[in-house]
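The values are calculated or read from the model by the stated rules, or taken from the named source; none is laboratory data. In this text the structure is predicted, and so the values were computed from the model without any measurement. Note that each Cβ is placed from the backbone with ideal geometry, even for glycine, and that neighbours are counted across all protein chains shown. Please note that ligands, DNA and RNA were not included when accessible areas were found on the heavy atoms of the full protein model with its side chains. Shrake-Rupley method; radii C 1.70, N 1.55, O 1.52, S 1.80 Å.
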2 protein chains.
Amino acid sequence: MVIPEENPVDASNSPLHLSDAERLDRLRLIRSENIGPRTFRSLLRHFGDARTAIAQLPDLARRGGAARAGRICSAEEALAELAANKRFGVSLLAPGEAFYPPRLAATDDAPPLLGVRGNLESLTRPMIAIVGSRNASGAGLKFAGVLAHELGEAGFVIASGLARGIDQAAHRASSASGTVAVLAGGHDRIYPPEHGDLLLDLLGAGAAISEMPLGHAPRARDFPRRNRLVSGTALGVVVVEAAQRSGSLITARIAAEQGREVFAVPGSPLDPRAAGTNDLIKQGATLITEAADVITAVAPIMERPLQLRETDDDEPFDFEPEVYDRTRIVNLLGPTPISLDDLIRLSSASPATVRVVLLELELAGRLQRHGGGLVSLI
Amino acid sequence: MVIPEENPVDASNSPLHLSDAERLDRLRLIRSENIGPRTFRSLLRHFGDARTAIAQLPDLARRGGAARAGRICSAEEALAELAANKRFGVSLLAPGEAFYPPRLAATDDAPPLLGVRGNLESLTRPMIAIVGSRNASGAGLKFAGVLAHELGEAGFVIASGLARGIDQAAHRASSASGTVAVLAGGHDRIYPPEHGDLLLDLLGAGAAISEMPLGHAPRARDFPRRNRLVSGTALGVVVVEAAQRSGSLITARIAAEQGREVFAVPGSPLDPRAAGTNDLIKQGATLITEAADVITAVAPIMERPLQLRETDDDEPFDFEPEVYDRTRIVNLLGPTPISLDDLIRLSSASPATVRVVLLELELAGRLQRHGGGLVSLI
């Protein structure tokens, strides 16, 4: 069995450290209406800092055809959130700051500010995510526990979603060695509520993370969104038991899109709780039956330096598109998703122009982004 | 689900049909001492017919250093075997004759004469082998039955080894649609003995095949040898349940060497009867959970024409090696297996010379052939 080295990833040699003022501005920007992690990242890249970006929001949204400007989070609201976080022991970290999970920081849609709580050192160690059915079998629960324990002994931190079933078994078995609970709601809105004690237990050696503000009760749509953080923090995701069309399979799909290893535990064809994991293996996931299988597969990945993904969105766009470009692009859009590439080709506009127009529409609340680079009008 | 076409393979447009005399000579040759299927094939290729080859045997064995000539099966013995076969309803077929399983005929070490019994048309239809533990779980037995039944409904004949457990379940569930029992002993020495009734049941729509003479009681070493016929007749082999280091895994290895598809049924890591099948999947076997998985995988193979494998052994060798070549080659051999390629390189003799010397040694009972083209002195 390979003993993993300390995670070789360090987002920078001199980690970022935000000033209080910049953290406040970034918090205002990410809590403003129609701003998601990707839009945040585009705005920050091109206006240089969050304060300048905030000042540009009304103008960008107006150009995007907003009936009214999107609501901007006030300094008072942001200060109140920071004060509440402090009382609750939650720190808000930006990608690149010390203790921000390095692999998560390298994803396209890393939370611009991640609320972290607990033993923050655990967030920088190599992680393996373990997920699976809430309604797991006894064998599945036992296997998840043994796997989490052995990976913990080998030096890995276990990431999971604090749900009932497999998540709970994985957290429980690694609470002494280090485990990270990735929350769908705010740090004070634990779901399911009866896992409050489990969370407190795991904060000693491990941590909890959330991109949501305190007080945010998780809604159904927050769970799939949260799942990108479960896989994003980790080298790979192990799916222990999953029926067909279950949430764990969404996590596996996101993990594959993020370039993470996807591992699945096989089961009898006669066991419906193994249908999802067997399907994953048919589709190319790695079959595992013990911790050594996982460790062998991730060892070479740990040796490679971690690269931040540069995307096309990082190109400059500090200009205002011509009206006729904007009209042509908007006319090409409709409720049916279309790819960015098709938009560029069909509009004959420059890629930068198309991206700016889409950003304006997004800030105006008129654009929906889908997987695979597809967009549609709302 | 794909409906399989009639097997497109036909070993020749005008199938071989041996004369009674040639069949008798071939039977004498294959029942003679130190003659296996590969040696038989070499001899027949190069002496043109079995009678000529038989006449050369003493000379070849003497050149190979035999203390005494290997025992040659007499015409009387061969006639007696043919008469007994006739009484028992067994026909002896040569590769290329009608009803010889076409895919088996294309293997390197196809039995020169295969004893067949039952509904011989079943031997020409596309086959899938189903194998697994004798000591199978209820779930494994159930799955084997469902799979065999569904593959049978889809037009496939099921090949297996008539053993207890998975074999029995697979034969039983396909006895109406067609199944082939591949025997390790003679047709009159069924093992296990209590499967005599199962055999009689399956002979209606299916068949039994054996390369052993009537009266041959199967020995332990006959079972691995028999397993190459189970996989050789089939497009692919499904391993349903197998513990580590079990016989079914030998069949899977032989199947892979023969270029057959290897399918494995997954199971829980906590179930020791799935350890072997899970390992097979880790090593590259295709995970299957239903008949459609098998059918989808073999459909493209069925569309390709079947090619007989030509091997290096088919090159001419109608010459007697020089004494010093023979000495040099024998000196390079010992109890540790060595590859044919290494022998050729180290001896500086021609490949044809090395092959003739090895054939002589084999006929002298001094050579052992191993997997992977390795040979050693006995």
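A few notes on this one:
- Residues that are surrounded by fewer than 24 Cβ atoms within 10 Å (Cβ to Cβ) and of a type outside the set (A, V, I, L, M), drawn from region B:179-194: B:G185, B:G186, B:D188, B:R189, B:Y191, B:P192, B:P193, B:E194
- Residues that are of a type in the set (S, T, Y) and surrounded by fewer than 14 Cβ atoms within 10 Å (Cβ to Cβ) do occur in region A:341-351, at least one of them.
- Boolean, B:T233 is crowded, with 23+ Cβ neighbours inside 10 Å and out of contact with any Gly (no Cβ under 8 Å at 6 or more places or on another chain): yes
- Search result, residues across region A:260-270 that are open to solvent by less than 60 Å² (accessible area, probe 1.4 Å) and assigned to a loop (DSSP other than H, G, I, E, B): A:R260, A:V265, A:P266, A:G267, A:S268, A:P269
- Within region A:281-296, the set of residues being assigned to a helix (DSSP H, G or I) and surrounded by 18 or more Cβ atoms within 10 Å (Cβ to Cβ) comprises A:I281, A:A291, A:D293, A:V294, A:I295.
- Considering the conditions (1) loosely packed, with under 15 Cβ neighbours inside 10 Å; (2) assigned to a helix (DSSP H, G or I), A:L60 is excluded by exactly one of them, (1).
- Residues located in region B:316-340, provided they are open to solvent by less than 20 Å² (accessible area, probe 1.4 Å) and aliphatic (A, V, I, L, M): B:I329, B:L333
- Residue in region A:352-360 that is modelled with pLDDT of 85 or more, open to solvent by 20 Å² or more (accessible area, probe 1.4 Å) and under 25 Å from the mean Cα position of the chain (by Cα) present: yes
- Inside region A:142-164, residues that are surrounded by 22 or more Cβ atoms within 10 Å (Cβ to Cβ) and β-branched (V, I, T) make up a count of 2.
- Of the residues in region B:236-259, none is more than 14 Å from chain A (Cβ to nearest Cβ), of a type in the set (D, E), in contact with a strand residue (DSSP E or B) (Cβ under 8 Å, 6 or more places away or on another chain) and surrounded by fewer than 23 Cβ atoms within 10 Å (Cβ to Cβ).
- In the set (1) open to solvent by 40 Å² or more (accessible area, probe 1.4 Å); (2) out of contact with any Ser or Thr (no Cβ under 7 Å at 6 or more places or on another chain); (3) within 11 Å of another protein chain (Cβ to nearest Cβ), the condition left unmet by A:R273 is number (2).
- Any hit, region B:83-93, residues being part of a helix (DSSP H, G or I) and either buried (at least 18 other Cβ atoms within 10 Å of the Cβ) or within 14 Å of chain A (Cβ to nearest Cβ) (or both): yes
- Qualifying position, being farther than 21 Å from A:D271 by Cα, surrounded by 22 or more Cβ atoms within 10 Å (Cβ to Cβ) and not hydrophobic (A, V, I, L, M, F, W, C), among B:D167, B:D197, B:D108: B:D167
- Selection count where residues are on the phi < 0 side of the Ramachandran plot, touching a Leu at 6+ places or on another chain (Cβ under 6 Å) and in contact (Cβ under 8 Å) with a residue 24 or more places away in the chain, scope region A:89-101: 5
- For first residues located in region B:281-299 and within 11 Å of another protein chain (Cβ to nearest Cβ), partners that are assigned to a helix (DSSP H, G or I) and among the polar types (S, T, N, Q) and lie 6+ apart or on another chain with Cβ distances below 8 Å form the pairs B:A285/B:T277; B:L287/A:N278; B:T289/A:N278.
- Residues of region B:16-50 that turn out to be assigned to a helix (DSSP H, G or I) and under 20 Å from B:P213 (Cβ atoms), as a count: 19
Per-residue answers, yes or no, for (1) among the acidic types (D, E); (2) out of contact with any Gly (no Cβ under 7 Å at 6 or more places or on another chain); (3) within 22 Å of A:G372 (Cβ to Cβ):
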residue	(1), (2), (3)
A:L200	no, yes, no
A:L203	no, no, no
A:L214	no, no, no
A:R219	no, yes, no
A:D222	yes, no, yes
A:V237	no, yes, yes
A:A242	no, no, no
A:G247	no, yes, yes
A:I254	no, yes, yes
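- Residue match in region B:271-280 (condition: in a helix (DSSP H, G or I), of a type in the set (G, A, S) and farther than 17 Å from A:A275 by Cβ): yes
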